[in-house]
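One structure is given below, encoded as structure tokens.
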Amino acid sequence: MDQTKKIVHIVGTGTIGEPLIGLFVRKQKELGIDEVTFHKQTPTPLDRPKIENLVKRGAKLCVDKDHWGQFENIGYKPAYTRREALERASVVVDCTPSGVGQQNKTDFYNSYKNNTLGFMAQGSEFGFGKMYARGINDEAFNPQKDKFLQIVSCNTHSLAILTKTLGVDAKNKVSNIENAQFVLMRRANDVSQTKDFLPAPQLGKHSDKSFGTHHARDLHHLFKTLSVDLNVYSSSVKIPTQYMHTLWFNVKLKKPMTLEEVKNRFIENPLVAITNRQTVNEVFSFGRDHGYYGRILNQVVVSMPTVEVLQGGKEVVGFCMTPQDGNSLLSTVAATLKYLYREEWEEKLKLFDPYIFKEI
């Protein structure tokens, strides 16, 4: 690590990596970051326009040493090798597909853990490190001790903020959840992707006997960092849309709440956006027109007309929407700033408050 500079290194240029690189270079000065570097694995002409644009905006391309010539031959201009970038980086964010991050940890990151402030992996990299989501377990994340973090998936962010919002008691402890069930209706792919088209809904397996899908499993382990033992279960189905993930929730409470109390909790949580809309495309369109380059940075968007209380106030049901990767991006930036600025990170994160909405 270059001790004189604050350098953020992103690995991967896909649906999380590309917007994250763009975010850091656009806000580099305000965030007090000296340099943004990024690693690309495969030299392909199709990606050259977006890589050239990121480089023009100030990001530095890094490639494997044995691929350097292949990149140059098709017009790329690398600045560092992978190992040079890792040697210089203050913080590393791995945005590669599921499973690759774990392999990168074994092959590379463990060798630099005494040289780097922290490493993060995105989404379903179970076991990579301590799970983290902004606004959920900030107090459990110690940047001096937690070298490796797993930024939980965008849908797990949504489940987590719903659970915390409904489950906290007067002392702000999550103690009012009896159990919770979630059905995740996942979009088939991102608008930037051309593969994985679905002609019809595709039902997901309950591959985890205790939790159903990884979303509830990760939710459970996320709250374990706060010494909270949640009884949760999730199911998933992919549907033929590129708009947004949606989910149905059924949260059973130990102590009852009125519908007004439930809605007020959603309204008062600064990371929850509320909407009276019931069509996903309208919320997606709002993000496109008003978000940070199309992204809503809230943890979740709750459709208020769908929220109801049952069983004398002990059961809360409703629908909400996951703002694509916006919530994961916010958590990643928060964790990066916490590694770089242990005292000032929250103040610097306020830079993104204009893209965290109260109502959509």
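The values are calculated or read from the model by the stated rules, or taken from the named source; none is laboratory data. Nothing here was measured: the structure is a model prediction, and the numbers come from that model. Note that each Cβ is placed from the backbone with ideal geometry, even for glycine, and that neighbours are counted across all protein chains shown.
The test for being farther than 16 Å from S234 by Cβ, in the same structural domain as C95 (by TED's automatic domain parsing) and in contact with a Gly (Cβ under 8 Å, 6 or more places away or on another chain) does not hold for E139. For region 129-144, what are the residues that are over 20 Å from G326 (Cα atoms) and under 15 Å from the mean Cα position of the chain (by Cα)? Hits for region 129-144 are G129, K130.
Filtering region 175-199 down to residues that are of a type in the set (A, V, I, L, M) and modelled with pLDDT of 95 or more, which residue is farthest from E261 (Cα to Cα)? Break it down stepwise before answering.
So the first thing to find is which residues in region 175-199 are of a type in the set (A, V, I, L, M), and the list is 177, 180, 183-185, 188, 191, 198.
Pick out the ones that are also modelled with pLDDT of 95 or more and you get 177, 180, 183-185.
Working: I177: 15, A180: 18, V183: 24, L184: 25, M185: 27 Å.
Only one residue tops the list, namely M185.
Can you pull out the residues in region 270-285 that are assigned to a helix (DSSP H, G or I) and surrounded by fewer than 19 Cβ atoms within 10 Å (Cβ to Cβ)? Once the filter is applied, which keeps residues that are assigned to a helix (DSSP H, G or I) and surrounded by fewer than 19 Cβ atoms within 10 Å (Cβ to Cβ), region 270-285 yields N281, E282, S285.
Mind checking whether some residue in region 202-220 is in contact with a Gly (Cβ under 7 Å, 6 or more places away or on another chain), assigned by TED's automatic domain parsing to the domain that holds L253, at pLDDT 95 or above and over 26 Å from K314 (Cα atoms)? Steps first, please.
Of the residues in region 202-220, the ones in contact with a Gly (Cβ under 7 Å, 6 or more places away or on another chain) are 206, 213.
Pick out the ones that are also assigned by TED's automatic domain parsing to the domain that holds L253 and you get 206, 213.
After this cut, where a residue has to be at pLDDT 95 or above as well, the list is 206, 213.
Then drop every residue that is not over 26 Å from K314 (Cα atoms), which leaves 206.
So far as region 202-220 goes, yes, one or more of its residues are in contact with a Gly (Cβ under 7 Å, 6 or more places away or on another chain), assigned by TED's automatic domain parsing to the domain that holds L253, at pLDDT 95 or above and over 26 Å from K314 (Cα atoms).
Assess whether V333 counts as being outside the structural domain of S90 (by TED's automatic domain parsing) and closer than 30 Å to V191 by Cα. Considered against the rule, which asks whether it is outside the structural domain of S90 (by TED's automatic domain parsing) and closer than 30 Å to V191 by Cα, V333 comes out as no. Taken over region 210-238, the criterion of being within 18 Å of V300 (Cβ to Cβ) and of a type in the set (A, V, I, L, M) is satisfied by A216, L219, L222, L230, V232. Step by step: first the residues of region 199-234, then only those that are charged (D, E, K, R) and assigned to a helix (DSSP H, G or I), then the one that is surrounded by the fewest Cβ atoms within 10 Å (Cβ to Cβ). Which residue is that? Here the residue is K224. If you go through region 77-114, how many residues are in a helix (DSSP H, G or I), under 21 Å from the mean Cα position of the chain (by Cα) and polar (S, T, N, Q)? So the answer is 3.
Kindly list the number of the only condition in (1) part of a strand (DSSP E or B); (2) surrounded by 24 or more Cβ atoms within 10 Å (Cβ to Cβ); (3) not aromatic (F, W, Y) that fails for S331. With (1) part of a strand (DSSP E or B); (2) surrounded by 24 or more Cβ atoms within 10 Å (Cβ to Cβ); (3) not aromatic (F, W, Y) applied to S331, the lone miss is (1). Would you mention how many residues in region 290-301 are surrounded by fewer than 19 Cβ atoms within 10 Å (Cβ to Cβ) and at pLDDT 95 or above? Looking only at that region, the number is 1.
If the requirement is being surrounded by 17 or more Cβ atoms within 10 Å (Cβ to Cβ) and either without any contact (Cβ under 8 Å) to a residue 24 or more places away in the chain or assigned to a loop (DSSP other than H, G, I, E, B) (or both), which of these qualifies: N189, N172?
N189
For region 257-269: of the residues being among the hydrophobic types (A, V, I, L, M, F, W, C) and more than 20 Å from C154 (Cα to Cα), which is surrounded by the most Cβ atoms within 10 Å (Cβ to Cβ)?
So in region 257-269, the residues among the hydrophobic types (A, V, I, L, M, F, W, C) come out as 257, 259, 262, 266-267.
Now restrict to residues that are more than 20 Å from C154 (Cα to Cα): 257, 259, 262, 267.
Details: M257: 17, L259: 13, V262: 22, I267: 13.
That would be V262.
When T81, T37 are checked against the criterion of being touching a Lys or Arg at 6+ places or on another chain (Cβ under 6 Å), modelled with pLDDT of 95 or more and under 16 Å from G14 (Cα atoms), a single residue qualifies: T37. The residues of region 298-328 that are polar (S, T, N, Q) and either more than 26 Å from F249 (Cβ to Cβ) or not in a strand (DSSP E or B) (or both), listed by number, are N298, Q299, T306, Q311, Q324, N327, S328. Scanning region 150-174 for residues that are more than 21 Å from the chain's Cα centre (by Cα) and polar (S, T, N, Q) gives a single hit, N172.
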